[in-house]
Structures are given as structure tokens and as C-alpha cells.
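This report concerns only the one structure given below.
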Amino acid sequence: MPDWDLGQLRALAAAADLGTFDAAARALHVTPSAVSQRIKALEQTAGAVLLRRDRPVRPTAAGEPLVRLARQLDALTADATRHLTGEAGVPRVTLAVNGDSLTTWVLPALAPLADRIALQLVREDQDRSADLLRDGSVMGAVTSQAVPVQGCTVEPLGVMRYRPLATPAFAARWFGDAWRTDGVRPGALAVAPVVVFDADDHLQDRWLRRRRVDPARPPRHLVPASADFATAVRLGLGWGMLPGLQAADDEAAGRLVRLTDDVVDVPLHWQQWSLRTAALDAVADALRTAAVHALPPAG
């Protein structure tokens, strides 16, 4: 097993994060030549090229696990230093969270930790956040991926439950005055505008296929922000799949109505580094507790 050098690993991570050897050198308070020498020495130890020398530099497939290792060791080193010296430095925890969870239940769950943990939140689709865990960019993620990323643990949180909603005026215009009794007809859904989050948002497509409607047919409004997406539906730009946590008040007040009673459930899981720190454990506990109250259980 190779004896990894922490200084060399830090040089690799700094170059990968900042994009150039010059920027990495400034961050590490050394010369660019020293950064280059450390990375070359690490490549000799690894027996592989670890960085693509482009602008910006990027880790190779062989380099990604070592970048992740560098970030994990830095977190563990900082955690051990705080415990041994009693220093009052604030630990940093980086998380990937999908926009709907961030808007509804994650921020309230993390708020009590704000005075003792520096949180760096990356908004990422629940289907893609595993990539950030894999390369070490984040320490934990609320994700739809049930299979743990290498070097991580996983546990179920519950499901985010989505319902097809629209304003009463939109429903009446596109589905007829009697849509509540006659139901939403496929022909009307094929022409009624729909709001989608971005090109990777397939929730509306899944629901349309259940109704035997080709998802490519309706006109689409792309609104790539969770709060703005809900606002677009409230303003009548189109219908959209909204989580119950976000739309309950609008439904109760009659500002939004359900097009049907069927739902689309997205299972959510918590994945985190297997290498644990006190700060990461505190974040995991907060999310785990909040999910019990906020999310319906899977199945």
C-alpha cells in the first residue's frame, strides 16, 4: 500500500479546486514549482497521471480518488486538531442538496447548527449529487441514489411526494369547466403548457406518461429555481409537479388545485463519507431527525 504524503495530496487538491498551479501555489503559500514537484512525486507514487495539464487543470480518473482522499484527510486533521488543542475554529461541512429539499425542510433542519458549523450547500439535482460525493467535492448529500458511492454510507430518509398542481383558472381554461368531474383528458394535456425545472427534470414527464401523453408534445416553460418554479405555477404559466411541503398552504387556500390525486414519489437517501467527523455527524443527525417529521416513509 502506498505511503501517501499529505503535502502532495494537498497540492493535488488545491490544483484541482483552483484550476492552475499558480493559484494552488498562492493558496498553499509555496511556489508554482513546488506545487508541480509535489504533484509529480505523487504521480510517481501512484504510478499514474493524476491531472490533465489543461486550463483549467482537471483530475484524471486516477486522480479523482486521491483528490477525495485529500479532502477527507484535511477534514479529519482539522477535526482532530480542534479536539486536541481546544481551538475554537469553526468546522466546515459541504453538502449537496436538491432544490426542493433545500427550500422546504433542509434549511430549517440545519439552522440550529449555524453558530458552530460553517455550511457550504451546493444545490444539485438529487439524481446527480452522487458525482459530487464521488470526487470529494461534498462530504454528504441528500440524494436519490440508494447504492452507496465508494467510501460512503447510505441510509433512507423518506420520499419527496409530488402532485400535479395548477391554478383554478389555468385548469378551467385548458381542461374545461367540468374538469373536476370529467377528469383531465389526454388530448388537453398534450397542448396545455407545463413548467419544468430544467432539461434534467423528468417528474412531469413521468406523470404525463401515466396519463398516456407523449411528454414531447406540450409546450414547456423552464424555470430553474425551486421557489421560482412554484411561483410560476401560482402565476398560471403552466401546471407542474410540486412537493406537498411546498404547496400545502396554496392548496388549503384554493390558490392551487390538484389535476388528479395520483402522486410521484422520489425516494431520498442520506449519503456521507465513511470517514466521520463530529461536525458531519451533527449534520447527519439534524437531517435524520427532520426527515422523520417532514417526509413520508418510502413504500
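Where a number appears in this text, it was derived from the coordinates with a stated rule and is not lab data. These numbers were taken from a predicted model, which means no experiment stands behind them. Don't worry about glycine lacking a Cβ; one is built from the backbone with ideal geometry, like all the others, and counts go over all protein chains shown.
Once both axes come from the Cα atoms, what is the angle between helix 244-253 and the longest principal axis of the chain, in degrees from 0 to 90, rounded to 10? It works out to around 30 degrees.
Here is the size of the chain from its Cα atoms: Rg then Dmax, 23.4, 74 Å. Entry note, the chain: relative contact order of 21 percent, from Cα contacts under 8 Å with a spacing of 6+ residues. Its DSSP H runs of at least 4 residues, each contributing -39,500 (n - 2.57), put the calculated 222 nm mean residue ellipticity of the chain at -12500 deg cm²/dmol, to the nearest 500. Within the stretch 161-265, antiparallel bridges make up roughly 65 percent of the DSSP beta bridges whose residues both belong there. One equal scatterer on each Cα of the stretch 6-70, no solvent, Debye formula: the resulting log10 I(q)/I(0) at q = 0.14, 0.16, 0.19, 0.20 Å⁻¹ is -0.30, -0.39, -0.57, -0.63. Under Stokes-Einstein, with the Kirkwood radius over Cα pairs standing in for Rh, what whole-number D in µm²/s applies to the stretch 161-265 at 4 °C and 1.567 mPa s? Result for D is 97 µm²/s.
If R0 is taken as 41 Å, the Cβ-Cβ distance between Q37 and L222 corresponds to a FRET efficiency of 0.30. Amide H neighbours of V159 under 5 Å, counting only residues 5+ apart in sequence or on other chains, H built in-plane at 1.01 Å? Placed amide hydrogens put L268, A298 under 5 Å from V159. Sorting 118-125, 275-282, 65-72, 192-199 by their mean Cβ neighbour count within 10 Å, with the most densely packed peptide first, gives 65-72, 192-199, 275-282, 118-125. Tell me, what is the FRET efficiency for R210 and A61 to the nearest 0.05, using R0 = 25 angstrom and their Cβ-Cβ distance as r? Taking R0 as 25 Å, the efficiency between R210 and A61 is 0.05. Using C-alpha pairs under 8 Å with a sequence gap of at least 6, the mean separation divided by the residue count of the stretch 161-265 gives a relative contact order of 48 percent.
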